[in-house]
4 protein chains.
Amino acid sequence: MSKSGGPVDRATLEDLAAASRILVDQGVFDSAGHFSMRHPGHPERFLMSRSLAPQMITADDIMEFDFDCNAIDARGRNGFIERYLHGEIFRARPDVLAIAHSHSPSVIAFGLSNAPMRAMYHNAAFLAAGVPVFDIREKFGTTDIVINTAAKGAALAEVLADKPVALLRAHGMVAVASSLPVAVFRAIFTVTSANIQHQALALGGPLAALDAEEGRIADLINVQTVGRAWDLWKQRVT
Amino acid sequence: MSKSGGPVDRATLEDLAAASRILVDQGVFDSAGHFSMRHPGHPERFLMSRSLAPQMITADDIMEFDFDCNAIDARGRNGFIERYLHGEIFRARPDVLAIAHSHSPSVIAFGLSNAPMRAMYHNAAFLAAGVPVFDIREKFGTTDIVINTAAKGAALAEVLADKPVALLRAHGMVAVASSLPVAVFRAIFTVTSANIQHQALALGGPLAALDAEEGRIADLINVQTVGRAWDLWKQRVT
Amino acid sequence: MSKSGGPVDRATLEDLAAASRILVDQGVFDSAGHFSMRHPGHPERFLMSRSLAPQMITADDIMEFDFDCNAIDARGRNGFIERYLHGEIFRARPDVLAIAHSHSPSVIAFGLSNAPMRAMYHNAAFLAAGVPVFDIREKFGTTDIVINTAAKGAALAEVLADKPVALLRAHGMVAVASSLPVAVFRAIFTVTSANIQHQALALGGPLAALDAEEGRIADLINVQTVGRAWDLWKQRVT
Amino acid sequence: MSKSGGPVDRATLEDLAAASRILVDQGVFDSAGHFSMRHPGHPERFLMSRSLAPQMITADDIMEFDFDCNAIDARGRNGFIERYLHGEIFRARPDVLAIAHSHSPSVIAFGLSNAPMRAMYHNAAFLAAGVPVFDIREKFGTTDIVINTAAKGAALAEVLADKPVALLRAHGMVAVASSLPVAVFRAIFTVTSANIQHQALALGGPLAALDAEEGRIADLINVQTVGRAWDLWKQRVT
């Protein structure tokens, strides 16, 4: 059995648990969705709730996993069957500290069609890097859609590549970031940008979306100022 | 008068009453909508609230009916005039344990047009079996739309056939399942899938919806994991 | 000065005040919108709140007006400037007991285009009678849109004719009924039907809406069963 | 350092802080957005919260700035980096007393396309004057979108010209008015009008929107009656 990355301070666990409740409060998670973070003391371990509706998650529900998604100290708790999505992204992306996985309706719509998501405004600037779509059929044929093996997680991580967001066809999305509040921010504003894009496309004509360079520099501001939103979001759920 | 299927334990009645309140809380029911379950002790009896707005239903409002929709022990209470919808589906579908009937706007839209509903994501996998539309005009001509006779209920059950969901033209939908939480789950995610499909269709091009086999195996996971969502939904209304 | 129709019992005044708060709670009224009823003791008087945001209206805010929209006993209170809309409909339509006037966005969209509203489902059956559009420009040229004279109210009443609902171009809608709960019901389900129609039209093809006769007989059921919804709606705001 | 415009009475500061919370409550602001007003005692000073999520703003968070956006008495507090948007509009528009800046999704959609916003109904009558779109690329090339210099603020003010509302491409909107409640009103009903226009355009055909003269005179009524809405909005957040 893998060794633990060591104890994690209570405030970090509470922030991690709050992230799930925040994404419910902000309309990104429903009765499902999960959020994880890399262990602050060990780069090859990650922290994630036991299998539980995100609105109900507290610090005591957080478990520790190695990159093979084995629980370090399960104590009878069950992890989400989709934890492989998280484990393989943490393995493939050393720059990623936190991951959100949701089933946001307006985002799923883009994963079902050929219309690419674009960055509709500065808050969604990170989308200007491009939003790849993972179709599980390409490597795995007919499945139950769930990312429940290391191979499926790795295939998703490969499609995600170096991007902040990827869509999963007929399933949902994943947003990653180098900090917990930024991953929450990206999960939220991916949804808002999708909503805007649906309306803007319906208006017709070319869309004056952010281009790649506008997106890159606008996102620097988002990362710098995320604390202002985080303070509010956290206050609303604690 | 038919004999009762016998007393039903309080927890079951509370779950049945909660199902209606859950569907209000989740935006599926408004001031109308009804939910029923087969009597756990007698396969030819079913349980359903007296005629009451679903948000107000408690365990004490549950009545018992035979398949002809006669109340076993009315004690002055009135059943919904649409209980025939439930009775005839229970009669025709021995595999069905619970039934939800709602008037969800985004779903009704599909029942008015020729665009078939499809399964937009894994949570709505059960829709991949196909979603028939019942048009009351075909057998009954001009009516008040209400399923208020055994003949109308039977005609709907015939259109539903072996499917989990059917639409009622200019009226609503019905979702059935072999357990109470799964019927609630299907009523909720039929609506979400409809919302996604409206947006995805507007994007244009072919939709990469779940195919029948993906849907069949993805729904097995839904059925296995429904407890996680049910615990949350119930907690929110009790 | 006109004579009063006499004292009105407290329960009636409370229902009338509740109607406004209900329409806020149900998302039909925002910071504006008004609801009136004919005086139960005098057919040429009507009751309506002083000018106040509908969410704040209580029984003590109800004023009495004659058909010329003069307050019977103002006691320093000001009526809505649009009370002429109500007065002239009560004058023209002896069958009408209650009137709701709202600025519901999804309904206004229909008043701006040539697409007629139709009855999308049984709850909106009353729309199957046809939904005329009042364009204030036709008789009054360029105005501030407000129904602030008897002539404008009468012109609207003429367009409404014998229908339950009319749209006001670039303004809103009016719903009338022979009872207070039914007027509330019609205001609510006109909005829901508009929402459905937007989605159904986007799906393309002909719409299998209720025809005039289906609508007529389906609405009889609505009128008979409105008490079930009314009890819920009232409980939510009291 | 500039001299202060003098002390501001507590009720004014509370109204200014409430304006931000109102715009959250009404769905116009999310975790961002800011609202400012001209100093009542000095036409070349303005008042605006320190950098904080709008839902959390109270009277104690209000700072005073000169037209170069220097804080008069910062006491360690930081202003929003976009305060230049406010400063330059106050400089260019002596008639403006209050300014709201939001990132409303349905409005942003119009700023990304060539479809001009129009006044869909009387509450949005102020839009009939025309709604210009500011594209920061035109003068500043590739940027991070933020209005963080006097030059960018001035360029926006130039595009706004004498209008009540302007859109910022891929960013948001600004609404201005000669009183605080009217600026709040305009921020709210710009969003509602955008929502209506999306639906009305989808219905097809020409839109019977308010023309310029209808809009001009209808807006006079809005300004006269805004107190009724303001009382409600303020009560909801205090």
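Is it the case that the range B:72-80 has a residue that's within 14 Å of chain C (Cβ to nearest Cβ), surrounded by fewer than 24 Cβ atoms within 10 Å (Cβ to Cβ) and hydrophobic (A, V, I, L, M, F, W, C)?
Looking for residues that are within 14 Å of chain C (Cβ to nearest Cβ), surrounded by fewer than 24 Cβ atoms within 10 Å (Cβ to Cβ) and hydrophobic (A, V, I, L, M, F, W, C), one finds none in the range B:72-80, hence no.
Of the residues that make up the range B:33-40, is at least one modelled with pLDDT under 95 and either more than 18 Å from the chain's Cα centre (by Cα) or more than 18 Å from B:Val133 (Cβ to Cβ) (or both)? Can you show your working first?
First pass over the range B:33-40, keeping only residues modelled with pLDDT under 95: none.
No, the conditions are met nowhere in the range B:33-40.
Note down all Cβ pairs under 6 Å where the first residue falls in the range B:178-207 and is at the interface with another protein chain (Cβ under 7 Å from one of its Cβ atoms), the second is surrounded by 23 or more Cβ atoms within 10 Å (Cβ to Cβ) and assigned to a loop (DSSP other than H, G, I, E, B), and they're at least six residues apart or on different chains.
What qualifies is B:Ile196/B:Met120.
If you go through the range C:77-96 one residue at a time, how many are outside any loop (DSSP other than H, G, I, E, B) and among the acidic types (Asp, Glu)?
Within the range C:77-96, residues that are outside any loop (DSSP other than H, G, I, E, B) and among the acidic types (Asp, Glu) number 1.
(1) within 14 Å of another protein chain (Cβ to nearest Cβ); (2) within 23 Å of D:Gly76 (Cα to Cα): which one isn't true of D:Arg10, the others all being true?
The single condition D:Arg10 does not satisfy is (1).
For the range A:51-71, how many residues are within 14 Å of chain B (Cβ to nearest Cβ) and touching a residue at least 12 places away in the same chain (Cβ under 8 Å)?
Counting residues in the range A:51-71 that are within 14 Å of chain B (Cβ to nearest Cβ) and touching a residue at least 12 places away in the same chain (Cβ under 8 Å) gives 7.
Out of curiosity, is B:Asp135 out of contact with any His (no Cβ under 9 Å at 6 or more places or on another chain) and more than 20 Å from A:Val146 (Cβ to Cβ)? Let's see the steps before the verdict.
Values: out of contact with any His (no Cβ under 9 Å at 6 or more places or on another chain): yes; more than 20 Å from A:Val146 (Cβ to Cβ): yes.
The answer is yes for B:Asp135.
Taking C:Tyr121 and the conditions (1) surrounded by fewer than 22 Cβ atoms within 10 Å (Cβ to Cβ); (2) of a type in the set (Phe, Trp, Tyr); (3) more than 27 Å from D:Arg228 (Cα to Cα), which numbered condition does it fall short on, given that it satisfies the others?
(1) is the only condition that C:Tyr121 fails.
When B:His101 is evaluated against the numbered criteria (1) assigned to a helix (DSSP H, G or I); (2) under 19 Å from B:Ala18 (Cα atoms), which criterion, by number, is the only one it fails?
Result: B:His101 passes all but (1).
Could you figure out which of (1) surrounded by 18 or more Cβ atoms within 10 Å (Cβ to Cβ); (2) away from every other protein chain (no Cβ under 14 Å); (3) not in a strand (DSSP E or B) isn't true of D:Ala166?
Unmet for D:Ala166, out of (1) surrounded by 18 or more Cβ atoms within 10 Å (Cβ to Cβ); (2) away from every other protein chain (no Cβ under 14 Å); (3) not in a strand (DSSP E or B): (3).
Within the range B:208-224, can you find the residues that are buried (at least 21 other Cβ atoms within 10 Å of the Cβ), farther than 30 Å from A:Arg21 by Cβ and facing chain A (nearest Cβ under 7 Å)?
B:Ala209, B:Glu214
So, D:Gln199, is that one polar (S, T, N, Q), in a helix (DSSP H, G or I) and more than 29 Å from C:Pro116 (Cβ to Cβ) or not?
Here the answer is no, as D:Gln199 does not meet what is asked.
Can you say whether B:Asp95 is modelled with pLDDT of 95 or more, more than 14 Å from every other protein chain (Cβ to nearest Cβ), within 18 Å of B:Leu156 (Cα to Cα) and over 17 Å from the mean Cα position of the chain (by Cα), as far as the supplied structure shows?
No; evaluated as a whole, the condition is false for this residue.
One residue is enough: does the range A:220-230 have a residue meeting the conditions assigned to a loop (DSSP other than H, G, I, E, B), of a type in the set (S, T, N, Q) and more than 22 Å from A:Phe110 (Cα to Cα)?
Our first condition is that a residue be assigned to a loop (DSSP other than H, G, I, E, B); within the range A:220-230, this holds for none.
No: zero hits.
Tell me which residues, restricted to the range D:187-238, are closer than 25 Å to C:Ala194 by Cβ and charged (D, E, K, R).
Passing the criteria: D:Asp211, D:Glu214.
Determine whether the range D:27-40 contains at least one residue that is out of contact with any Gly (no Cβ under 6 Å at 6 or more places or on another chain) and under 30 Å from C:Leu167 (Cα atoms). First the steps, then the outcome.
Within the range D:27-40, the first condition is being out of contact with any Gly (no Cβ under 6 Å at 6 or more places or on another chain), and the residues that meet it are D:27-38, D:40.
Those still in the list that are under 30 Å from C:Leu167 (Cα atoms) too: D:27-28.
Yes, that holds for at least one residue.
Just to be sure, is B:Ile217 under 27 Å from B:Ile145 (Cβ atoms), in contact with a Ser or Thr (Cβ under 9 Å, 6 or more places away or on another chain) and in a helix (DSSP H, G or I)?
Criteria not met by B:Ile217.
Which one of B:Asn123, B:Asn148 is touching a helix residue (DSSP H, G or I) at 6+ places or on another chain (Cβ under 8 Å) and either among the aliphatic types (A, V, I, L, M) or assigned to a loop (DSSP other than H, G, I, E, B) (or both)?
B:Asn148
Can you tell me which residue in the range D:28-50 is nearest to the other protein chains (Cβ to nearest Cβ), limited to those that are free of Cβ contacts under 8 Å to residues at least 40 places away in the same chain, touching a Ser or Thr at 6+ places or on another chain (Cβ under 8 Å) and surrounded by 18 or more Cβ atoms within 10 Å (Cβ to Cβ)?
So the residue we want is D:Ser49.
Would it be correct to say that A:Gly227 is more than 14 Å from chain D (Cβ to nearest Cβ) and touching a residue at least 24 places away in the same chain (Cβ under 8 Å)?
no
Determine whether A:Ala175 is within 26 Å of D:Val146 (Cα to Cα), away from every other protein chain (no Cβ under 11 Å), in contact (Cβ under 8 Å) with a residue 40 or more places away in the chain and under 15 Å from the mean Cα position of the chain (by Cα).
Numbers: within 26 Å of D:Val146 (Cα to Cα): yes; away from every other protein chain (no Cβ under 11 Å): yes; in contact (Cβ under 8 Å) with a residue 40 or more places away in the chain: yes; under 15 Å from the mean Cα position of the chain (by Cα): yes.
Yes.
Within the range B:2-14, identify whether any single residue is crowded, with 18+ Cβ neighbours inside 10 Å and either under 14 Å from the mean Cα position of the chain (by Cα) or under 30 Å from C:Ala124 (Cβ atoms) (or both), and answer yes or no.
no
Looking only at the range D:179-207, how many residues end up being surrounded by fewer than 18 Cβ atoms within 10 Å (Cβ to Cβ) and within 23 Å of D:Arg93 (Cα to Cα)?
Here the count works out to 1.
Starting from residues that are within 7 Å of another protein chain (Cβ to nearest Cβ) and touching a Gly at 6+ places or on another chain (Cβ under 8 Å), keep the ones in the range C:101-124 and report whichever is nearest to B:Ser102 (Cα to Cα).
Across the range C:101-124, the extreme among qualifying residues is C:Tyr121.
Count, please, the residues in the range B:138-151 that happen to be in contact with an Asp or Glu (Cβ under 8 Å, 6 or more places away or on another chain) and surrounded by fewer than 24 Cβ atoms within 10 Å (Cβ to Cβ). Full working, then the answer.
Quick first cut of the range B:138-151, residues in contact with an Asp or Glu (Cβ under 8 Å, 6 or more places away or on another chain) only: B:142-148, B:150.
Narrowing further to those that are surrounded by fewer than 24 Cβ atoms within 10 Å (Cβ to Cβ): B:142-144, B:146, B:148, B:150.
Final tally of qualifying residues: 6.
Cβ-Cβ distance below 8 Å, separation of 6 or more or different chains: which pairs start in the range A:127-151 with a residue that is under 21 Å from A:Arg91 (Cα atoms) and more than 11 Å from every other protein chain (Cβ to nearest Cβ) and end on one that is of a type in the set (D, E, K, R) and assigned to a loop (DSSP other than H, G, I, E, B)?
A:Val131/A:Arg118; A:Val131/A:Lys163; A:Pro132/A:Lys163; A:Phe134/A:Arg169; A:Ala150/A:Asp68
The values are calculated or read from the model by the stated rules, or taken from the named source; none is laboratory data. No experiment lies behind these values; they were computed from the predicted model shown. For neighbour counting, all protein chains shown are included, and Cβ atoms are generated from backbone atoms with ideal geometry for every residue, glycine included.
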